[in-house]
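Read-outs: derived from the displayed coordinates by stated rules, not from any lab. Here the structure is a predicted model, which is why all the values come from computation and not from measurement. When we count neighbours, we look across all protein chains shown, and the Cβ atoms used for this are built from the backbone with ideal geometry, even at glycine.
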Amino acid sequence: SSNPPCSSFLCFSLRPSSSSSRAMASHIVGYPRIGPKRELKFALESFWDGKSSAEELHKVGAELRSAIWMQMAEAGIKYIPSNTFSFYDQVLDTTAMLGAVPDRYHWNGTQIGFDIYFSMARGNASLPPMEITKWFDTNYHYIVPELGPHLNFSYASRKPVDEYNQAKVLGIDTIPVLVGPVSYLLLSKPAKAVEKSFSLLSLIDNIIPIYKEVVAELKAAGATWIQFDEPMLVKDLEAHQLEAFTYAYAELESSLSGWNVLVQTYFADVPAEAYKVLTSLKAVTAYGFDLVRGTKTLDLIKQGFPPGKFLFAGVVDGRNIWANNLASSLNTLQALGDIVGKEKVVVSTSCSLLHTAVDVVNETKLDEEIKSWLAFAAQKVVEVNALAKALSGQMEEVFFSANAAALASRKSSPRVTNETVQKAVAALKGSDHRRATNVSVRLDAQQQKLNLPILPTTTIGSFPQTADLRRVRHEFKAKKISEEDYINFIKEEINNVVKFQEELDIDVLVHGEPERNDMVEYFGEQLSGFVFTANGWVQSYGSRCVKPPIIYGDVSRPKPMTVFWSSTAQSLTKRPMKGMLTGPVTILNWSFVRDDQPRFETCYQIALAMKDEVEDLEKSGITVIQIDEAALREGLPLRKSEEAFYLNWAVHSFRITNSGVKDTTQIHTHMCYSNFNEIIHSIIDMDADVISIENSRSDKLLSVFREGVKYSAGIGPGVYDIHSPRIPPTEEIADRINKMLAVLESNILWVNPDCGLKTRKYSEVKSALTNMVASAKLIRNQL
Ligand code: GLN
Ligand code: ZN
């Protein structure tokens, strides 16, 4: 029979690989919900804009869910997850399920609808949203529950049961997924008014009864399995935190008895202590482990696994876009089968597929060879099933040999390997790049040349990205306007930004980054070894998605990337113009990175490419160069024992980029991360001449210096929050600067905003920067 042509996203390219056989032991931890063409994003934004109704939004959600379930069922997956869809965030869904709505939203205690739900997520006309923060070491952000003893928890969202029932109507028996009770509490923060001595884990007795209600309803609906996600088990937990798992699952035991209960962990190996606690939980009948990032868990399993229980083996990487090495995964699975019993091994993904792109079939413009190396979520589902079948003795030879051929082509492809780059990186071994003189000597040399006032003012790089600007960039990319017209337009924009800053009397200028759509994409497009997708979106938070570039090969820089624009900008002013680059660690952390060599090696390659750029900028007469490392903190491993190694190569990569410049060339870096106290020594070790950092939202930074950390480089703690349209009054900024002067020497302090200005309007930027310059001058006069 022939299939009708696809007309909507409901129609996936995947079809059952064979119509025979019952489903083999295969499982998917979770699936992207944004949709292959970001259908959910557009439905959400249209609803928020008042352009479509709640019914329409619900309809899109239901369609996406059924499409995903059908796709997995057709692929042959046995344990298909439900309740991994979300209109915003799965942790917020759990908050709704538990009725843990912060008081300020004035919830009336009934079932939670879109109004309360989205108020918590996004705020409303009168109330700010709840805080978002990074989900472990991913680029996904969850909504942090605000808990306290005052909350009246109640079963307030039947979403898990509703989703289970929806799938059942389609004839698909799913495994409902809940954020586990202990991880939920450990991911929360105490509400503002709560006393210091309050312990979040003390709420376990308040939430367990609600989990019991959910479990009872799911049982009644016919579910035979349940999955509790307890990713906190991979962190360095204290004894009392581990005890909370024992306690919680003992409390749940009577409700769960006779049921199949999977506790799912991901993102790292489970430490030995946690493994002991986890595998001793009586109520639990199956364990899910990330065997991609958590290879040490394999050793623990070898040393002992509870007899009769299931092992959900996460061998297909949910954090990356590379095709699985099926032969090697099958080896691992067979070895595990020998330990725990073949019939007890379930093939799974390393974590939810939320963290990878959705479907490679939508990449119609991607080079065919590179495409054959990739597997997005939809392809990973097929890989999991193929592995499960192979494990049970039904190897799909054609699929396996196609996979082997793709891996072989990737391994031997001349586009992956660049001998010169490999040699250059190999030559770095054991070296330690540092500028020859120390920072105080350099700052003196730079000041002789730059002759800046005390408390110099500057900005972080980008200026407002107007609709015109976006349109022109777009037209140029689509070849609708000529290169000459494009260059003239951008030059004019730079000229305006330069004049604007001169009028404001800012000391160190920027060109405004009008030629850049994104600080990583701009460089990735010009470096070799990178490729870009058309639809490889990954949810970041709510309706926001990012499209990380894919680093597939050795990285090199064919030609200068920023020199033309920076020197053009410098030619328009006598004031110093900052050259503006993205650092190697940030480029790495915001990309899909190749998995065939260690991350640090790829990072060193990028660092060497950026070093060439830094030196070309210097040669062209640029004397101040900023190398942004906005995402350096983001790459910090989940476990303390691995932090030092990461920080060492990350900081070294940064230093490589500028180790070759003259003393008189001033190297700036920028980080938008407020809670960086924990890595302050690494930041100092970066040895930049000046660092600008986010500070205005927390002032946490100052406490580091109060505690006596010795700091002698230049530093610009942001004086106002660029995330808000609010104009900071001059007195307020002056007050901030004075607070900094109480802990830092005046000769190292810079005055700048928290981050780039690209999301703001010109009117806001003008008033805010006017006040910023005025406050710097005010204090200069008092010094
Ligand atoms: N230079 C970049 C800008 O100003 C930095 C952005 C960032 O730190 N995220 O936009
Ligand atoms: Zn920033």
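Here are a few things to note about the model shown:
- Spin-label model distance (nm) - Glu56 vs Gln111, 7 Å beyond Cα toward Cβ: 2.3
- Theoretical ellipticity at 222 nm over the chain - DSSP helices of four or more residues, -39500 (n - 2.57) apiece, nearest 500: -13000 deg cm²/dmol
- Amide H to amide H distances under 5 Å link Ser52 with Phe47, where only residues 5 or more positions off or on other chains count and H is placed in the peptide plane.
- Cross-link partners for Lys371 among the aspartates and glutamates, with Cα-Cα distance under 16 Å and sequence neighbours closer than 8 places in the same chain left out: Asp359, Glu363, Glu383, Asp595.
- Projected onto planes of every orientation and averaged, the convex hull of the alpha-carbon atoms in segment 319-420 covers 7.8 nm².
- Selection from Val263, Val234, Gln71 lying farthest towards where the dipole of the chain points positive, charges on Cβ: Gln71
- 0 to 90° range, to nearest 10: angle between helix 239-256 axis and the chain longest Cα axis: 30
- In this calculation the C-beta distance from Ser401 to Val144 is compared with R0 = 51 Å, giving a FRET efficiency of 0.60.
- Estimated vicinal HN-Hα couplings, Hz - segment 261-278 in sequence order (Karplus 6.51, -1.76, 1.60; Gly, Pro = x): 10, 9, 9, 9, 10, 6, 5, 6, 6, 8, x, 3, 4, 5, 4, 4, 4, 4
- Antiparallel %, DSSP beta bridges [both residues in the chain], to 5: 15
- Cα→Cβ-extended label distance, 7 Å offset, between Ser571 and Thr224, nm: 7.5
- Debye, to nearest 20: dipole size of the chain, +1 on Lys, Arg Cβ, -1 on Asp, Glu Cβ: 420
- The relative contact order of segment 507-600 comes to 35 percent, based on Cα pairs under 8 Å that sit 6 or more residues apart.
- Top positive-direction residue, dipole computed over the chain with Cβ charges, set Pro102, Asn517, Tyr711: Asn517
- Cα-based convex hull, segment 497-630, per residue volume (Å³, whole number): 121
- Cut-off 14 Å between beta-carbons: net charge of the residues surrounding Gly99, Lys and Arg +1, Asp and Glu -1: -2
- In straight-distance terms, cross-link reach from Lys51 covers every one of the lysines whose alpha-carbon lies under 29 Å from its own, apart from those fewer than eight places away in the same chain; here that gives Lys37, Lys41, Lys59, Lys159, Lys547, Lys758, Lys761.
- Zero-based 5 Å bins, Cα pair distances in segment 384-480, whole percents: 2, 8, 7, 7, 6, 6, 9, 13, 14, 9, 6, 4, 4, 3, 1, 0
- Global dimensions of segment 308-354 from alpha-carbon coordinates: Rg and Dmax equal 11.2, 34 Å.
- Calculation over all alpha carbon pairs of segment 292-334 in 10 angstrom steps from 0 returns a P(r) of 23, 54, 21, 2 percent.
- Rg then Dmax, both in Å and based on the Cα atoms of segment 273-316: 10.0, 28.
- Here segment 417-517 is treated with +1 on each Lys and Arg Cβ and -1 on each Asp and Glu Cβ, and its dipole about the Cα centre works out to around 580 debye.
- Charge dipole of segment 217-325 (Cα centre as origin; +1 on each Lys and Arg Cβ, -1 on each Asp and Glu Cβ, all else neutral): 340 debye, rounded to the nearest 20.
- Computed over the chain: relative contact order in percent, which uses C-alpha pairs under 8 Å that are six or more apart: 11
- Couplings for segment 641-652, taken from phi via the Karplus curve 6.51 cos²θ - 1.76 cosθ + 1.60 with θ = phi - 60°, read 5, 9, 4, 4, 4, 4, 4, 4, 6, 5, 5, 4 Hz in order; Gly and Pro are left as x.
- Per-bin percent of Cα-Cα distances, segment 709-783 [5 Å]: 3, 16, 28, 23, 16, 9, 4, 0
- Distant alpha-carbon pairs in segment 520-590 (separation over 18 angstrom), percent: 50
- D_trans [Stokes-Einstein, Kirkwood Rh over alpha-carbon pairs] for segment 168-257, 20 °C, 1.002 mPa s, µm² s⁻¹: 147
- Normalised by residue number, the volume inside the convex hull of the Cα atoms of segment 649-711 is 88 Å³ per residue.
- Computed E for Asp444/Lys619 - FRET, C-beta separation, R0 25 angstrom, nearest 0.05: 0.60
- Where only C-alpha atoms are counted, convex hull volume of segment 585-676 per residue in Å³: 105
- Shape annotation for segment 598-743: C-alpha extents along the principal axes are 45, 43, 32 Å, from largest to smallest.
- Averaging 1/r over each pair of different alpha-carbon atoms in the chain and inverting the result gives 28.1 Å, the Kirkwood hydrodynamic radius.
- Overall Cα dimensions of segment 87-132 - principal axes, largest extent first, Å: 24, 23, 15
- The radius of gyration of the Cα set in segment 129-215, together with its Dmax, comes out at 15.4, 50 angstrom.
- Note on Lys212: aspartates and glutamates with a C-alpha under 19 Å away, same-chain residues under 8 apart excluded, are Asp93, Asp162, Glu163, Asp229, Glu230, Glu251, Glu253.
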